[in-house]
Amino acid sequence: MTQVEFAHKNIVTDLMRNIAKIERLPTKMICKRIREGKIVILNNNQHIVKKPCAVGLGLRTKVNANIGSSSDCIRITDELKKLEIAIKYGADTVMDLSIGGDLKKIRRQIIKHSSIP
């Protein structure tokens, strides 16, 4: 089940509890706002995220870092270094905007090495 499905059944998950702790808000408020569509937890069941993140009403502002290869410069090592720096300096999320190279391979490597959504 998804977090939204749990919220619709008034079931508070460990992930909701973690978000509530990070955001310093009551767990029931997090669950309620997820149910109402006012909070979204950025989550991928295919990838365990060490630092969970949610966005929405009443939550702290998040920092997103954009990385990505271009058609002129395609080096996965460069993208992984950018990811490492983004995490080191506190980015909450990262988005790969690669347009050059083997996009599936690049994104798989970024997801594999990322501890954030």
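The values are calculated or read from the model by the stated rules, or taken from the named source; none is laboratory data. As the structure is a computational prediction, the values presented were derived from the model and not from experiment. Surface areas here come from the heavy atoms of the whole protein model, side chains and all, with no ligands, DNA or RNA. Shrake-Rupley method; radii C 1.70, N 1.55, O 1.52, S 1.80 Å.
What percentage of the solvent-accessible surface of the chain, computed with a 1.4 Å probe over protein heavy atoms, is contributed by carbon and sulfur atoms?
Of the solvent-accessible surface of the chain, carbon and sulfur hold 55 percent.
When the Karplus curve 6.51 cos²θ - 1.76 cosθ + 1.60 is applied with θ = phi - 60°, which whole-Hz ³J(HN,Hα) does each residue of region 4-13 get, with x for Gly and Pro?
For region 4-13, the Karplus curve yields 5, 4, 4, 4, 5, 9, 6, 9, 8, 9 Hz.
Calculate, for region 26-117, the solvent-accessible area per residue in square angstrom, rolling a 1.4 angstrom probe over the heavy atoms of the protein chains.
Solvent-accessible surface per residue comes out at 64 Å².
For Ala54, list long-range residues whose amide hydrogen, built 1.01 Å from N in the peptide plane, is under 5 Å from its own amide hydrogen.
Under 5 Å from the amide H of Ala54: Leu42.
Amide H neighbours of Val94 under 5 Å, counting only residues 5+ apart in sequence or on other chains, H built in-plane at 1.01 Å?
Ala65
Below 8 Å between Cα atoms, with a sequence gap of 6+, how large is the relative contact order for region 3-117 in percent?
That works out to 24 percent.
Report Rg(Cα)/(2.2 N^0.38 Å) for the chain, keeping two decimals.
1.19
Need the full-extension length gain, Gln46 to Val12, defined as separation in residues times 0.36 nm minus the C-alpha distance. One decimal, nm.
Numbers: separation 34, 0.36 × 34 = 12.24 nm, distance 2.08 nm.
Here the segment from Gln46 to Val12 would lengthen by 10.2 nm.
Sequence gap of 8 or more, or different chains, plus Cα separation below 20 Å: how many lysine pairs satisfy both in region 22-117?
22
Please report the antiparallel percentage of the DSSP beta bridges confined to the chain, to the nearest 5.
The antiparallel fraction comes to roughly 55 percent.
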